[in-house]
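The values are calculated or read from the model by the stated rules, or taken from the named source; none is laboratory data. Predicted, not measured: the structure shown is a model, and the values here were computed from it. Cβ placement follows ideal geometry from the backbone for every residue including glycine, while neighbour counts extend to all protein chains displayed.
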Amino acid sequence: MARGENVFHRKDGRYEARYIKGRRADGKPLYGFCYGRTYEEAKDKADRAREEIGQAEPAAQKAAPGQELDVACFCDRWLSANSARLKPSSRAKYRTDIEKHIKPFFGEKLPGEILPEEIDDFTRSLMNGKGLSPKTVRSILALFRSILSYMEKRSGEKLVNLEITYPKSHRKNTRVLDEKEESALVRLLAQETDACKFGVYLALRTGMRIGEVCALRWCDISFEAATISVCRTALRLPRDIPGNVPAPGPGEDGSPRTALVTGTPKSESSLRVIPLMPDIAALCERFRPEDSSAFLLTGMDRCLDPRKLQRHLKRYLEECGIEEVHFHTLRHTFATRCVEAGFDVKTLSEILGHSNIGITMNLYVHPNLDLKRENMSRLKSEFPL
């Protein structure tokens, strides 16, 4: 079987080909199946099924006979063709980038009318005109590159010399709580601990992302094995995107524009099991409800809105006099304390849910000056004094 083709030889002698035909409410894929007497037959049937999904275009995307399609129309077609394989969060982000950035600049042009210098102008408009970060601009340009490839394939027109230069990302100094700040925050969280304080402490002691903390259910905690299973995340998405199913209960702000949803974490490596520390286990016992299917921080069948947890953290930090900190700082702080405690990087990478240790080393390991001095002191001095 070729990599990524999902064609299998069954025990009954037939071949089975699998393809993604949609997404469930939690973001997990819905699979369709095709069968054939040969590998090629099953694969061809699956390829045709994928094409039918991608070519099911709304009327607004169809061109009149003899009419050429502009970039805006190809953007809509690209989104429709790739919709089935995308998670709701990715689909929402791509649509936003298309509507806010790509269509306003290129939408009315025909594929053959795009000039190389216009792509450079587009990049400058994103960075200088809109003030977007290099990371965000790179993401938008990568999306546009994919749409250009789709246009070239579908229009049959060769788009020559359309090279995209991606801006370089400059690494920023990442904020990490020092030991004094962390101790002050923990002391405050220990005072009259409620669900929100528990959620903040859980993030600080496990490195979990804010959406992962809010989406935890009690059934994800095994008191026997002393583990936490991370298998979903909570986030807000536009309500008008097909497949975005709100979590039970209305949004706290009553906003009709977004819906609080729970789905699979950002990547397969984010699905992980974290050992349960004794202090976390004790807190869990204090809040443990009878219904194991309830969400951890609400005790109900409705998860806590990450924005509410972020607001509470902001208030806690103000009470402690800690500045320039956001929720993700807790994740970086956890990683730094683990390095200081002597964790091996592979273990830390798996606890954080990273796909490779390079991400952990480059983005989350922040040794302080004391740790640097300690490591330097291990070197033997060869200079005679």
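Annotations for the structure displayed:
- Residue in segment 286-294 that is at pLDDT 90 or above and not in a helix (DSSP H, G or I) present: yes
- Among the residues of this structure, Leu313 does not count as one that is touching a Phe, Trp or Tyr at 6+ places or on another chain (Cβ under 9 Å), in the same structural domain as Val230 (by TED's automatic domain parsing), part of a loop (DSSP other than H, G, I, E, B) and of a type in the set (A, V, I, L, M).
- Just one of the listed residues (Asn161, Asn173) is over 21 Å from the mean Cα position of the chain (by Cα) and on the phi > 0 side of the Ramachandran plot, and it is Asn161.
- Helices (runs of 4 or more DSSP H) lying entirely in segment 5-99 (those with 2 or more residues that are modelled with pLDDT of 85 or more, surrounded by 13 or more Cβ atoms within 10 Å (Cβ to Cβ) and in the same structural domain as Ile114 (by TED's automatic domain parsing)): 71-82, 88-97
- Residue count for segment 182-208, restricted to those that are touching a residue at least 60 places away in the same chain (Cβ under 8 Å) and either among the basic types (Lys, Arg) or more than 26 Å from Leu304 (Cα to Cα) (or both): 2
- Verdict on Asp194 being surrounded by 13 or more Cβ atoms within 10 Å (Cβ to Cβ) and charged (D, E, K, R): no
- Condition check for Lys135: part of a helix (DSSP H, G or I), in contact with a Ser or Thr (Cβ under 9 Å, 6 or more places away or on another chain) and exposed (fewer than 13 other Cβ atoms within 10 Å of the Cβ): yes
- Look at (1) closer than 22 Å to Ala282 by Cβ; (2) within 24 Å of the chain's Cα centre (by Cα) and you find that Tyr166 fails only one, number (1).
- Among the candidates Thr360, Thr333, the residue that is in a helix (DSSP H, G or I), within 20 Å of Gly211 (Cα to Cα), modelled with pLDDT under 85 and in the same structural domain as Gly199 (by TED's automatic domain parsing) is uniquely Thr360.
- Condition check for Leu297: hydrophobic (A, V, I, L, M, F, W, C), modelled with pLDDT of 85 or more and either part of a helix (DSSP H, G or I) or within 19 Å of the chain's Cα centre (by Cα) (or both): no
- Scanning segment 175-194 for residues that are in a helix (DSSP H, G or I) and in contact with a helix residue (DSSP H, G or I) (Cβ under 9 Å, 6 or more places away or on another chain) yields Glu179, Glu181, Glu182, Ala184, Leu185, Val186, Arg187, Leu188, Leu189.
- So Ile164, is it of a type in the set (Val, Ile, Thr) and modelled with pLDDT under 90: yes
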